[in-house]
Amino acid sequence: MASKDAEKVIVLRNVKKVYRMGTERIVAVDDVSFEILKGEFCCLLGTSGSGKSTLLNLMAGIEKVTSGQIIIKGKKIHKMNETSLAKFRQKYLGFVFQSYNLMNSMTALENVEFPLVFKRVKPKVRKKLAKDMLIQVGLGSRLGHKPKEMSGGQQQRVGIARAFVAKPEIVFADEPTGNLDTKTTMEVMNLIQAIARENRQTIVMVTHDPRLASYADRIIHVLDGDIEKIEVQYDITDPEVYRRRVEEARAAAPKLTESSPPANKARSKKTGRTKRKERPKQEAAGTGEEKKAADASIARVEEKVMEVIDRIDTQETPDKELTEGLKESVQAMDSGHSDAEYQESRGNEV
Ligand SMILES: Nc1ncnc2c1ncn2[C@@H]1O[C@H](COP(=O)(O)OP(=O)(O)O)[C@@H](O)[C@H]1O
Ligand SMILES: [Mg+2]
């Protein structure tokens, strides 16, 4: 029943990565080839130092291959320059890290909303998507909390909401439960799986823990920079197998109790506040000059947002200079421009 047409969303061919430390050569990845299918939950499993994170970083274009090819969604990652890579990451990839990498100055809602700014999603829609995502991960009652005001498990759920909010086709997760206790680990694993299965998203997860790898459809065993073996636990090219995996994921989805019921709507009905006062719509485009200036100022803020998000995704901490006043810039951008100016959503093209 297996379909031959299953989309190979990630292809690695003879990938090699050599680090040079003075005169020493460290072969972190040694002539590795494998494929990952669309919708697959794939684990890179191996002991510490085996080369898992290097492989993930190569796939995300964070590290450059020494030789070989990496093709994601038909695009040659190894040939892209930094700008194209940053755009590619924002369009197609989501990231979950062991250390959460949230912006401490921002609330849960702002952290999750942030990746959507660059996508030109209207502010109202952005907030709604971020809120819905946080409700889905059981944090509906923590929208206004800052990372420091939440537990590790809650912070990682914000991280998951941020990674998934823009519905990326592929999510990379490097030891996402590394800082969590056993119970929270299971919650987070089930949560990632449940969200990904609903949208047939591809997950590539790095772990050293065989118990966590047992969640995967495909386990790629990494040993000393090489692939020891590839274990297909569930052949998702078989539609029946995939259907069962989706059902299992749904059944295992954690019942996260903190989510607040959508009380706001009910209340507004009671008080008759069902309709918000319509704000007078701004003219989308005034004179040509005004439009140009507006576009330029949106572009400036977006560029900055993009730089900050990409730093987070590539695991560099965005420096203060870059993040200071960013929230205010985004707010100014939102209030200075009408919804109509956001209409031209970038969609998913690169
Ligand atoms: N930036 C780097 N410079 C030099 N050596 C590195 C670098 N990153 C990783 N390595 C080495 O490459 C090997 C694989 O590391 P890594 O991919 O982090 O392993 P894992 O994630 O499986 O623990 C290790 O020997 C590590 O020391
Ligand atoms: Mg690692």
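Quick notes
- Only one entry of V18, V11, V29 meets the criterion of being touching a Gly at 6+ places or on another chain (Cβ under 6 Å) and not polar (S, T, N, Q), and that entry is V29.
- In the stretch 154-237, counting only strands (runs of 3 or more DSSP E) that sit wholly within it, the ones holding 1 or more residues that are more than 16 Å from ligand 1 (Cβ to nearest atom) and out of contact with any helix residue (DSSP H, G or I) (no Cβ under 9 Å at 6 or more places or on another chain) span 218-223, 226-232.
- The one condition in (1) within 13 Å of ligand 1 (Cβ to nearest atom); (2) modelled with pLDDT of 95 or more that F41 fails to fulfil: (1)
- Unique residue being in contact with a strand residue (DSSP E or B) (Cβ under 7 Å, 6 or more places away or on another chain) and on the phi > 0 side of the Ramachandran plot when the list is E169, E231, E175: E175
- When residues in the stretch 44-67 are screened for being more than 11 Å from ligand 1 (Cβ to nearest atom) and touching a residue at least 60 places away in the same chain (Cβ under 8 Å), 2 of them pass.
A quick yes/no check of all residues on (1) touching a Lys or Arg at 6+ places or on another chain (Cβ under 9 Å); (2) small (G, A, S):
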| residue | (1), (2) |
| --- | --- |
| K91 | yes, no |
| M106 | yes, no |
| F114 | yes, no |
| I135 | no, no |
| G152 | no, yes |
| V171 | no, no |
| E187 | yes, no |
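- Each residue in the stretch 137-176 was checked for being under 28 Å from N57 (Cβ atoms) and either within 16 Å of the chain's Cα centre (by Cα) or of a type in the set (A, V, I, L, M) (or both), and 24 pass.
- Long-range neighbours under 7 Å by Cβ, at least six apart or interchain, first residue of a type in the set (K, R) within the stretch 297-321, second at pLDDT 75 or above: K304/L326; K304/S329
- Meets criteria (in a strand (DSSP E or B), modelled with pLDDT under 95, within 16 Å of ligand 2 (Cβ to nearest atom) and surrounded by 15 or more Cβ atoms within 10 Å (Cβ to Cβ)) for V32: no
- Any hit, the stretch 49-60, residues being more than 16 Å from ligand 2 (Cβ to nearest atom) and either surrounded by fewer than 21 Cβ atoms within 10 Å (Cβ to Cβ) or in a loop (DSSP other than H, G, I, E, B) (or both): no
The values are calculated or read from the model by the stated rules, or taken from the named source; none is laboratory data. Note that this is a predicted model, so its numbers are computed, not measured. Counting neighbours? That spans all protein chains shown, and the Cβs are built from the backbone with ideal geometry, glycine included.
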